[in-house]
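Note sheet for the following structure.
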Amino acid sequence: FEGTPLAGKHVLVTAGPTHEPIDPVRYIANRSSGKQGFAIAAAAAAAGARVTLVAGPVTLATPPGVTRVDVQTAREMADAVRESLPADVAVMTAAVADWRAADMRDQKMKKRSSAPPALRLEENPDILATLGTSDRRPALLIGFAAETEDVVEHAKAKRERKRADWIVANDVSGGVGQSVMGGADNRVHLVMQDGVEDWPEMPKEEVAMKLVERIAVEMETTNGV
Ligand code: C5P
């Protein structure tokens with residue numbers, strides 16, 4: 001970056017999956033690696049921002065200059081996000097589990113000769129949507145949308161439903177093990193109120209840099225500088 005365009009700004013990033021316990025040894029999870037979110041946190045810090053990174057269970061190193069808060073579950077992530085406010089910008093890249101086990105068992109479930117146990121699920125809080133209507137809503141609120149079909153259309157609807165300013169939409173189709181999730185590259189569409197930009201496929205670090213550049217321009221404009 002030229003200089004430190006995000007100096008004085010607090011950027012909050014969520015990243016990674018969440019793990020929702022079923023019993024002390026089992027959990028529900030997804031294939032998110034956290035790479036894209038960590039790259040965004042790193043780029044924002046390099047641009048001079050104060051960065052809080054709320055991370056689900058991932059095996060990535062904390063980027064230099066970033067304050068990291070580790071969480072396991074969606075509810076812990078929601079609490080950590082709330083405690084990190086206020087923020088000027090929030091980038092919600094986490095692949096938050098939509099559901100958690102409705103009754104988490106205190107003891108490891110035993111295999112029985114009878115039928116397998118039923119898993120009852122209940123809905124997790126939507127952290128992005130909650131921020132969207134919060135009285136402490138960040139000035140610039142950015143969500144991600146991982147879709148396997150009609151990527152941009154779903155992202156436009158999501159932008160409005162969750163009251164986000166931008167949605168970064170990515171196509172995660174491609175089958176188990178070959179998808180963007182966990183991979184090094186990403187191909188995204190930046191969905192804004194007044195239009196959609198299709199970005200070419202590039203490494204997640206470059207997506208992060210380009211997004212942070214856009215954030216810096218937007219913050220300058222809204223500051224009236
Ligand atoms: O609805 P969907 O899960 O596809 O929305 C994705 C966006 O919403 C991402 O930015 C994700 O971080 C955020 N999200 C959230 N809390 C949830 C579910 C999604 O913050 N419970």
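Nothing in this text is a laboratory measurement; each read-out follows from the coordinates by a stated rule. Please read all numbers here as calculations on a predicted model, not as lab measurements. Using ideal geometry, Cβ is built from the backbone for each residue, glycine included, and neighbour counts are taken over all protein chains shown.
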* Stokes-Einstein D (µm²/s) once Rh is taken as the Kirkwood radius of the range 105-162 over alpha-carbon pairs, at 4 °C in 1.567 mPa s -> 85 µm²/s
* Asked: What are the ³J(HN,Hα) values, in whole Hz, obtained from phi via the Karplus relation 6.51 cos²θ - 1.76 cosθ + 1.60 with θ = phi - 60°, for each residue of the range 194-203 in sequence order, with x given for Gly and Pro?
  -> 9, x, 10, 10, 9, 9, x, 5, 7, x
* Asked: Which of the peptides 30-36, 96-102 is most tightly packed, and how do the rest follow, going by the mean number of other Cβ atoms within 10 Å of each residue?
  -> 30-36, 96-102
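Can you give the % of DSSP beta bridges in the chain that are antiparallel, to the nearest 5? Each step should come with its number before you reach the end.
Values: 16 of 42 bridges.
So the antiparallel bridges amount to about 40 percent of the total.
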* Asked: Which distance in Å, rounded to a whole number, links the C-alpha centroids of the range 109-172 and the range 36-70?
  -> 21 Å
* Asked: So, by mean Cβ neighbours within 10 angstrom, what's the order for 125-133, 207-215, 188-196 with the highest one leading?
  -> 207-215, 125-133, 188-196
* To do: Assuming R0 = 25 Å, can you tell me the calculated FRET efficiency for the pair Glu122 and Arg82, based on Cβ-Cβ distance, to the nearest 0.05?
  => 0.80
* How many Å³ per residue does the convex hull of the Cα positions in the range 84-225 occupy? -> 170 Å³
* **Charge context of Val172, other residues only, Cβ under 11 angstrom, K/R +1, D/E -1** => -1
* To do: Give the peptides 61-72, 14-25 in descending order of average Cβ contacts within 10 Å, highest first.
  => 14-25, 61-72
* **Crossing angle, helix 74-84 versus the chain [Cα axis fit, 0-90 degrees, rounded to tens]** => 30 degrees
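Go ahead and estimate [θ] at 222 nm for the chain from helices alone: -39,500 (n - 2.57) per DSSP H run with n ≥ 4, summed, over the residue count, rounded to 500.
Numbers: 5 runs with 60 residues, N = 225.
After summing the helix terms and dividing by the residues of the chain, the value is -8500 deg cm²/dmol.
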* Among Val196, Ser134, Ala146, flag the residue with its Cα farthest along the positive direction of the charge dipole of the range 125-225, charges on Cβ as +1 for Lys/Arg and -1 for Asp/Glu. => Ser134
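Would you kindly work out the equivalent ellipsoid of the range 1-139 from its C-alpha gyration tensor and give its semi-axes, the square roots of five times the eigenvalues, largest first in whole Å? Walk me through the numbers on the way to the answer.
Working: eigenvalues 231, 50, 20 Å².
In descending order, the three semi-axes are 34, 16, 10 Å.
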